[in-house]
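Since the structure comes first, as structure tokens, the remarks are kept for the end.
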Number of protein chains: 2
Amino acid sequence: MPAWLRGYNRRLAAADGLAALIVSLLLVPQSLAYAMLAGLPAVHGLYASILPLLAYALFGSSPSLAVGPVAVLSLMTAASLGPLFAAGSAEYANAALLLALLSGLLLLGMALLRLGFLANFLSHPVISGFISGSALLICLGQLPALLGFSAGGGTLPAQVQALFRQWPDSHLATLALGLASLFWLWWARRSLAGLLRRLGLADHWADNLARTAPLLAVLVSSAVVAFAQLDQAGVRVLGPLPVGLPSLALPHADGSLLRQLLPAALLLALVGFVESVSVGQTLAARQRQRIRVERELLGLGAANLAAACSGGLPVTGGFARSVVNQQAGARTPMAGVFSAVLIALCALYCTPWLYYLPQAVLAATILVAVWGLIDLRALQRTWRYSIQDGLAQGATLLGVLLLGVEAGILLGVALSLLLFLWRTSRPHLAVVGQLPGSEHFRNVQRFAVVQSETVLSLRVDESLYFPNARYLEERIAGLVAERPAVRHLVLMCSGVNLIDASALESLQAIAERLRAAGVCLHLSEVKGPVMDRLQRSQLLEQLGGQVFVSHFQALQCLDPQSVARAAHSAAKPHGE
Amino acid sequence: MPAWLRGYNRRLAAADGLAALIVSLLLVPQSLAYAMLAGLPAVHGLYASILPLLAYALFGSSPSLAVGPVAVLSLMTAASLGPLFAAGSAEYANAALLLALLSGLLLLGMALLRLGFLANFLSHPVISGFISGSALLICLGQLPALLGFSAGGGTLPAQVQALFRQWPDSHLATLALGLASLFWLWWARRSLAGLLRRLGLADHWADNLARTAPLLAVLVSSAVVAFAQLDQAGVRVLGPLPVGLPSLALPHADGSLLRQLLPAALLLALVGFVESVSVGQTLAARQRQRIRVERELLGLGAANLAAACSGGLPVTGGFARSVVNQQAGARTPMAGVFSAVLIALCALYCTPWLYYLPQAVLAATILVAVWGLIDLRALQRTWRYSIQDGLAQGATLLGVLLLGVEAGILLGVALSLLLFLWRTSRPHLAVVGQLPGSEHFRNVQRFAVVQSETVLSLRVDESLYFPNARYLEERIAGLVAERPAVRHLVLMCSGVNLIDASALESLQAIAERLRAAGVCLHLSEVKGPVMDRLQRSQLLEQLGGQVFVSHFQALQCLDPQSVARAAHSAAKPHGE
């Protein structure tokens, strides 16, 4: 039994119940809309908001995260299944369930193997570019539904082309309904709560009531369509939805399809996880709580498995609905359980009422919900802060728009790894000399120091590992080639926290090559943990030179005259 | 005109000429063998040893590097073309030229765009595992030729299966010839130079003469086959080779084939570049010279373009032949030009003599040359030094053996990136307190320090960037959740060399979440370049808190009582 369930009482239940009601009223139209965005029958969205909520309540760690279908995952689902099956077909729906199944299994696997760090591949600029690009594609994809012709989807050029080709087919009644609800939702978002407050409602109630604006749009527009029989005049409506709860069944799987879907499922799992964790952390911090990443992986994995077994679609924690959940007063995961029950009741009894719901109104719901995710000024901010990160963000954004969501995110990840390798492949190396009158060694380019002629002192300001191992070989070869008198090279390792196997081999190669050139390699100021490792290798035997505790000691041993000179040149200003 | 050509004189020419002669005698049988290993007619190997050598002499930077076909690239060529075309067909040969063309262009592109750092993706463990695995596959692949049946190729299981199926077809005369030359080459490698020295030859001449052992095997075995008419008894011979120089032509290209070959060409370019640079650096260091990476890329790119235009195959610098070149006295790139002329003469006049050369003898040449590359104990050494690097090396080795060369190297690269991310995703964070009686702050777990109750001091011992940005959010959330009395958090940034855009957003999120929890975030001891960047962002405005020059100053400002306590608790041991 979860800890929060032990102290559960009527007061908590009342708070959770109210939050669940508000979230459900928001979730019903969103679920329907996001299922259609994913290319699925709308009822999949309802099903994805029942069992997954229960599963997350049992296994997740955030008390206020609200899971369910979200726009970005629906777009990714559509983008990965669109090329394989006809939207609306039984194969398509089955493949969507397989995607949820696979990404659920991947999330569970990441939880068990503690692979949450994989999400670090998705840097902030990549995620930001991805979300903005996806949101743009989603918004553009709603225009056909608003205008009354069949939805397009696909990349930016494909969508623009389709719009140009199809706009003469626009349907005026549909457009009127769509624009009216768009305006209503827009206005409600900005001003409804304020108006209700001015009408005398308490702040709390005004906010909660304002959030049911999408439901009101749904009810009013359905009533208008039903009353004026606009569906027979060509306004596309949701049509008949099945009544009742989803039947439990595993999706049909065959090996080759699973292999085909695996990369998309991995991206879905990672993007869903990153989004959910960032929502969860934001919510938890407000109450000085914290979420546990492994538990989040478990919760999201279970939620996706539940979605796969009950006719849903891939799910994750949604930002807007989680904030609503918390602000409406959710105190424990029981709020999620209550939401699930309310949506199950809706699937049991309310689906006939949704028959007349115009698709254009759902498109307006998506537009208003997703528009805020488009943040092109973030690109400008990132670019100003760091050109490399800006490049990664811009490439992801453009990649999503022009090549598609999967190609875009992969491009971004590849580019950020490349830029990272580039950035770290040239660590700071400084030739150092002795500060007169001290035992300190500083950069010869910044300080008036005494350099030995036969001993080259080199300070490495970075851990030595594979991105910079070869640079070290190159630089040292260059420095020694420039100094024919040098007989000893001392690497000052005070800034080296790690020497990996690549750098170890580079050091061995350097030692060997230096020996062939008549130069002996030594190390100084090697940190304890690094030394422990080196002792397990053969470097210390092959080094030829010694390992000195301090760099001063190294110079004392290898070139006492230069040390004496440094002492002397310090004495001068005082003594003479 | 290259610099080395200006002072060129007869003495240098004599030295280069002798080295060229020795290298050519070694290169002729190796070229033939490696072309066949790549699935190509043997004469491609000769062609790949003429113009590419001239091209490298013109554009490369190493005076003693000897380019030409090498075993590993030939194996990679065979592995990438085998699934596409029938070995020996005209399409196959054309595709091999396209591979050389593409990898030449990629190398030139890397030279112009200064993308040499891309080779850093191939860490030492990955390269080592790749070379050992490839060498094992190559050696195993020679057994069919030694035993007298048609060569297999492919992964380890496929080769073992083919050997089991075909061994009853073994041909005794072929086996006898193969084993005899194997034994001769083996013995010559170990003992011939010593024997010649004991017979009175000067060291230099004994070494050089011993290196012509493969040529002697070729001549003697060809003579035996011709004399005993063994080719009619079933010993496979090289057969008729075309006479004359290669004709110059670009390979036929079509878009879809180019796209198919591009990934393989990229791997060929990277592996060839890494191998060549490591050979070049080893050679250069012996003479206190250095090679320039951009020039190497240029030289190798030009060599591969030349190979593609003159009926060759992908080429790079070979280790054994470059060492021979240097030890035989090569002083300038002119040695490469002389080698090219000698091999052109061989193509013009000597190919008829190669008719009777038994394929089993070429197989023996490959076996002896490649056997030394198998270094399974390197895996053990790496494993003992670092389990993570050992894993990457082992996975690459097994991947090459079981999945093929391309899959193996990609597996290794992916795994080393993963392990790297894992390793850096959890940087060292220490809660610090004030050392009594000083202005220093140290880790509370290691020192008896004074901690403030309302100010949490946190030292970050690593640059903040995308692999660890989320960990920072998580850890800070956890630390603050544990300490309800905390009102200020000061991040001590003395060890932070970089804050990338991911970490910047994490810091913004942290500041915002802390503010929601009633905690103010401050920074201290931010380095100059990091501060310059932060000033271009909005963090400093959004921070809420201040940026302190020293951590001591931060505590003085935020919790003077705790500073006083630290001073007092220091005074005790002395005063009381």
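The values are calculated or read from the model by the stated rules, or taken from the named source; none is laboratory data. Note that the coordinates shown come from a computational prediction; the quantities given were computed from them, not determined experimentally. Cβ coordinates were reconstructed from backbone atoms using ideal geometry, including for glycine residues, and neighbour counts include every protein chain displayed. Side chains are part of the model used for accessible areas, which takes the heavy atoms of the whole protein and leaves out ligands, DNA and RNA. Shrake-Rupley method; radii C 1.70, N 1.55, O 1.52, S 1.80 Å.
Tabulated results
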| quantity | calculated |
| --- | --- |
| Interface residues, region A:99-126 - accessible area loss of 50 Å² or more versus chain alone, probe 1.4 Å | A:117, A:120, A:121, A:124 |
| Chain A residue with Cβ closest to the axis mapping A onto B, distance in whole Å | A:417, 3 |
| Number of partner chain Cβ atoms within 10 Å, mean per residue of A:414-422 | 4 |
| Label geometry 7 Å along the beta-carbon vector: residue B:403 inter-copy distances in nm | 2.1 |
| Prolate/oblate/rounded label for region A:252-379 (Cα gyration tensor, a/c 1.5) | rounded |
| Alpha-carbon centroids, region B:212-284 and region A:44-118: separation in whole Å | 52 |
| Shortest-first nm distances, residue A:84 label point to equivalent points in other copies (7 Å, Cα→Cβ) | 2.8 |
| Lys, Arg +1 and Asp, Glu -1 on Cβ, resulting dipole of chain A about Cα centre, debye, nearest 20 | 1220 |
| Selected from B:41, B:352, B:385, residue furthest toward positive end of dipole (the protein assembly as shown; charges at beta carbon) | B:385 |
| Given charges at beta-carbon only (K, R positive; D, E negative), |dipole| of the protein assembly as shown in Debye | 1540 |
| Peptide ranges A:419-427, B:272-280, A:96-104 listed from the most packed, as the mean C-beta count within 10 angstrom indicates | A:96-104, B:272-280, A:419-427 |
| Computed lengthening from residue A:403 to residue A:260, 0.36 nm per intervening residue step minus Cα-Cα distance | 49.6 nm |
| Most to least packed among A:53-60, A:64-71 [average Cβ atoms within 10 Å] | A:64-71, A:53-60 |
| Per residue value of the accessible surface for chain A (all protein chains in place, 1.4 Å probe), Å² | 42 |
| Cα gyration tensor shape for region B:10-416, rounded if a/c is under 1.5, else prolate or oblate | rounded |
| Around residue B:131: net Lys/Arg minus Asp/Glu count, Cβ-Cβ under 10 Å | -2 |
| Dipole of chain B, positive end: most advanced residue of B:63, B:303, B:178 [Cβ charges, Cα centre] | B:63 |
| Cysteines not pairable in chain B (beta carbon separation under 4.7 Å absent) | B:139, B:309, B:493, B:520, B:557 |
| Kyte-Doolittle mean at least 0.5, axial Cα span of 20 Å or more - DSSP H helices of chain A | A:10-37, A:90-112, A:124-147, A:172-187, A:213-228, A:255-286, A:293-309, A:334-349, A:387-403, A:405-424 |
| Full-stretch length increase - residue A:169, residue A:550 - with 0.36 nm per residue and alpha-carbon distance subtracted | 129.1 nm |
| Estimated FRET transfer efficiency when R0 is 30 angstrom, pair residue B:219-residue B:3 (beta carbons, to 0.05) | 0.15 |
| Of all DSSP beta bridges in chain A, antiparallel share, percent nearest 5 | 40 |
| DSSP beta bridge pairing in region A:429-575, given as percent antiparallel to the nearest 5 | 35 |
| Cα gyration tensor shape for region A:164-322, rounded if a/c is under 1.5, else prolate or oblate | oblate |
| Shortest-first distances to equivalent copies, position residue B:531, nm, label 7 Å out along Cβ | 3.5 |
| Computed FRET value (nearest 0.05) for residue B:375 with residue A:454, which takes r as the C-beta separation and R₀ as 35 Å | 0.45 |
| Structure-based [θ]222 nm, the protein assembly as shown - -39500 (n - 2.57) summed over DSSP H runs of at least 4, per residue, nearest 500 | -20500 deg cm²/dmol |
| Shielding by partners, peptide B:499-511 (average Cβ within 10 angstrom, other chains) | 6 |
| For peptides A:541-547, B:319-325, sequence by mean Cβ density within 10 Å, most packed first | B:319-325, A:541-547 |
| Pair residue B:494, residue B:568: separation of 7 Å Cα→Cβ label points (nm) | 2.6 |
| Summed buried accessible surface, chains A and B, 1.4 Å probe, nearest 100 Å² | 6200 |
| Average beta carbon contacts from partner chains per residue of B:380-391, 10 Å cutoff | 4 |
| Share antiparallel - DSSP beta bridges, the protein assembly as shown, percent rounded to 5 | 40 |
| Positive minus negative residues near residue B:188 (Lys, Arg vs Asp, Glu; Cβ under 14 Å) | +3 |
| Of all accessible heavy-atom area on chain B, the percent that carbon and sulfur account for (1.4 Å) | 62 |
